[in-house]
Each structure stands twice: as C-alpha cells, then as structure tokens.
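Inspection log for the structure reproduced underneath, given as structure tokens.
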Amino acid sequence: MPEPGTTAVVILVPDADPLLEAARRIDPDLVRHGVPAHVSLLYPFVPEPALTDQDEDGVRSLAASFPAPDLLLEDIVTAPGFVAVPVPELQPVVDAFHARWPGLRPYGGRFGARPAAHVTVATGADDPATLARVRTAVGSLLPLRTRAAAVRLVVLTEGGWRPRLTAPLGARAASQEV
C-alpha cells in the first residue's frame with residue numbers, strides 16, 4: 001500500500017466507471033475504494049514533499065502539448081489477479097511523462113520500463129472463475145467510446161487520493177487558436 005504523500009499523474013476516464021462498477025458487483029474487494037477509472041501516466045510520481053514548481057509546470061506543459069484524444073475501449077487484458085482495458089490512444093502521453101521524469105520507475109518497475117496505457121478494472125482476484133466473471137461483465141459493456149480531457153496530479157492523504165492540480169490536454173493549442 002502506498003503511503004500518504006505518494007503522488008501520481010493520471011487521466012481520469014469517468015465514462016469507464018461502469019466497468020469498475022461491474023467488477024465491484026462481483027466482488028467489492030476487487031476494486032480500489034475511492035479511486036475512479038483512470039489511466040496512470042506516472043505512478044508513483046515525485047513524493048509530495050519533494051514536488052517543485054518545475055514539476056507542476058512540467059505536468060501542465062506536457063498536458064498542453066497533447067490534443068484531447070478520442071478513446072476507444074474495446075479489449076480486455078487479464079493476468080493472474082488482474083483485469084484491465086487497454087487504452088492505446090494514451091500510450092504517447094504515458095511515454096512522454098516517462099521520458100520527462102526518467103528517474104522515476106513506473107509502478108516501481110513491477111511491469112517493466114514501458115507499461116501499457118490501461119484502465120485497471122479489478123485487482124486481487126486469484127480465483128480464475130471470478131476473473132472470468134469480471135471479464136464477461138466488463139466485456140458486455142464494451143466497446144466504449146469516450147474522450148480524454150485533462151491530466152490530473154493527485155496526492156494520497158490520510159483521507160484518500162486528492163487532486164493537487166488539473167491540466168487540460170491541448171490547452172496550448174486551444175489558446176493559440178484564439
């Protein structure tokens with residue numbers, strides 16, 4: 001479990017929340033409480049006590065450099081104890097955040113140097129039958145079309161994850177068009 005002060009950079013995908021709800025109906029323990037559907041761009045990020053204005057400006061600048069993409073969630077990936085929906089349209093954003101902060105290892109290195117952009121739907125299901133039920137329930141809700149709008153820097157507090165800043169995707173392009 002992460003400690004308070006841990007940070008992450010994510011893109012919320014609220015239209016994918018029904019996928020998490022489907023898994024929660026099968027087993028509430030499979031879905032992280034209080035964490036909405038999202039794609040992690042960099043987790044863990046710079047610990048809150050070490051965050052600088054340069055880090056925050058970097059998050060804003062990178063977010064602004066990418067247009068708000070349309071997303072098509074249509075596939076399901078399973079591994080022991082894990083169900084996710086890939087979001088390949090966000091891989092360039094994930095890669096850019098990793099490149100901007102090369103000293104930070106995504107997920108502590110557990111999933112390699114370049115983890116795939118995805119929405120985690122369920123974790124901790126060791127029973128293959130439960131994983132199959134989650135896969136079926138989630139699959140019945142796909143395909144799902146949505147749009148990514150903003151990057152969010154969040155901080156873990158004693159009360160859960162809280163937003164620290166929100167940076168719209170493509171903000172630089174939008175401001176230059178005016």
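The values are calculated or read from the model by the stated rules, or taken from the named source; none is laboratory data. Only a predicted model underlies this, so the values are computations on that prediction, with no experimental measurement involved. Because the Cβ atoms are built from the backbone with ideal geometry, glycine has one as well, and the counts that use them run over all protein chains shown. Protein only, heavy atoms only, side chains kept; ligands, DNA and RNA dropped before computing areas. Shrake-Rupley method; radii C 1.70, N 1.55, O 1.52, S 1.80 Å.
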> Can residue 145 be described as open to solvent by 40 Å² or more (accessible area, probe 1.4 Å), more than 14 Å from residue 8 (Cβ to Cβ), part of a helix (DSSP H, G or I) and not small (Gly, Ala, Ser)?
Replying inline: no
> Applying the selection to segment 162-178, what residues are modelled with pLDDT of 95 or more and either open to solvent by 70 Å² or more (accessible area, probe 1.4 Å) or more than 24 Å from residue 85 (Cα to Cα) (or both)?
Replying inline: 162, 163, 164, 165, 166, 168
>> Cβ contacts < 7 Å: first residue of a type in the set (Gly, Ala, Ser), restricted to segment 77-101; second residue surrounded by 18 or more Cβ atoms within 10 Å (Cβ to Cβ) and assigned to a helix (DSSP H, G or I), any location; separation 6+ or different chain. Result?
In response: 96/62
